[in-house]
Amino acid sequence: MIDVIDYGGGNVGSVARCLARLGAGFRFASSGGDLASTRNPVLLPGVGSFGGVMEGLARRGLDSAVKDAIESGRPFLGICVGLQALFEESEETQGVRGLGIFKGKVVRFGKGKVPQVGWNLLEPARRDGWPAGHAYFVNSYFAVPEEEGLVLYRSDYHGKFCAAVACGSVTAFQFHPERSGPFGHMLMRRWVDAVQADNPLP
């Protein structure tokens, strides 16, 4: 069973449909109490602004509950702003703090049309078996981790940028795997299979 965080916005529906196609059991967690009541893996989808996502999480007591879940070692998957929320701050919403799981900030693309919308090549940043492929992005901002070793995938939009991170029990994608065809389906399957087998991803 996977706890899908519902903070009152985001792409909850498309993620739920993806999990259903994978045959993965899930439930919606819409409060800090919901999340704290289990030891299930956690999935945080995010669409919209950094500030809007953080406000939605805080309003429902989910911000501290997500931090507690991650710090306890529960498997976590973030999607889109669900990745950005793991960092300390974002240029998109000055003065709003992120979850601060990782050191670094979220910055705006300096060139090209924003948001970038469409398919980009994912290039593995580490030699741990994650394959290259194309994924679907809708983003104006991207994370800049202080620790380079966090980066799982890079992509290119007028320059290289962080497209995914992974560390311990935490995995997060800037792109939308649930909208990325067979390749995205494979990535979701990889995560679901790993957490169901209680095996950490590399």
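The values are calculated or read from the model by the stated rules, or taken from the named source; none is laboratory data. From a predicted model like this one, the values you see are computed outputs, not experimental measurements. Note that each Cβ is placed from the backbone with ideal geometry, even for glycine, and that neighbours are counted across all protein chains shown.
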Any residue at all in segment 113-136 that's crowded, with 16+ Cβ neighbours inside 10 Å, out of contact with any Ser or Thr (no Cβ under 9 Å at 6 or more places or on another chain) and within 20 Å of GLY46 (Cβ to Cβ)?
no
I need every pair where a residue in segment 34-58 that is in a loop (DSSP other than H, G, I, E, B) has its Cβ under 8 Å from the Cβ of a residue that is among the aromatic types (Phe, Trp, Tyr), sequence separation at least 6 or different chains.
PRO41/PHE76
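Filter segment 161-183 for residues that are small (Gly, Ala, Ser), over 20 Å from ASP128 (Cα atoms) and not in a loop (DSSP other than H, G, I, E, B) and give the result.
First pass over segment 161-183, keeping only residues small (Gly, Ala, Ser): 163-164, 166, 168-169, 172, 180-181.
Going one step further and asking which of them are over 20 Å from ASP128 (Cα atoms), we end up with 180-181.
GLY181 - this is the single residue of segment 161-183 that is small (Gly, Ala, Ser), over 20 Å from ASP128 (Cα atoms) and not in a loop (DSSP other than H, G, I, E, B).
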If we keep just the residues of segment 3-26 that are of a type in the set (Val, Ile, Thr) and assigned to a helix (DSSP H, G or I), which is surrounded by the most Cβ atoms within 10 Å (Cβ to Cβ)?
VAL15
Against the condition assigned to a loop (DSSP other than H, G, I, E, B) and at pLDDT 95 or above, how does HIS158 come out, does it pass?
yes
Only one of these conditions is not met by ARG60: (1) under 16 Å from the mean Cα position of the chain (by Cα); (2) crowded, with 19+ Cβ neighbours inside 10 Å; (3) over 21 Å from LEU150 (Cβ atoms); (4) not hydrophobic (A, V, I, L, M, F, W, C). Which number is it?
(1)
Return the only residue of GLY98, GLY61, GLY9 being of a type in the set (Gly, Ala, Ser) and over 29 Å from ARG154 (Cβ atoms).
GLY61
If you take the residues of segment 98-108 that are assigned to a strand (DSSP E or B) and among the aliphatic types (A, V, I, L, M), which of them is nearest to the chain's Cα centre (by Cα)?
VAL106
Residues in segment 109-122: is at least one among the small types (Gly, Ala, Ser) and within 17 Å of the chain's Cα centre (by Cα)?
no
Give me the residue from segment 27-46 that is surrounded by fewer than 19 Cβ atoms within 10 Å (Cβ to Cβ) and of a type in the set (A, V, I, L, M, F, W, C) and, out of that set, nearest to VAL138 (Cα to Cα).
PHE28
In segment 59-88, how many residues are part of a loop (DSSP other than H, G, I, E, B) and either in contact with a Gly (Cβ under 6 Å, 6 or more places away or on another chain) or among the aliphatic types (A, V, I, L, M) (or both)?
5
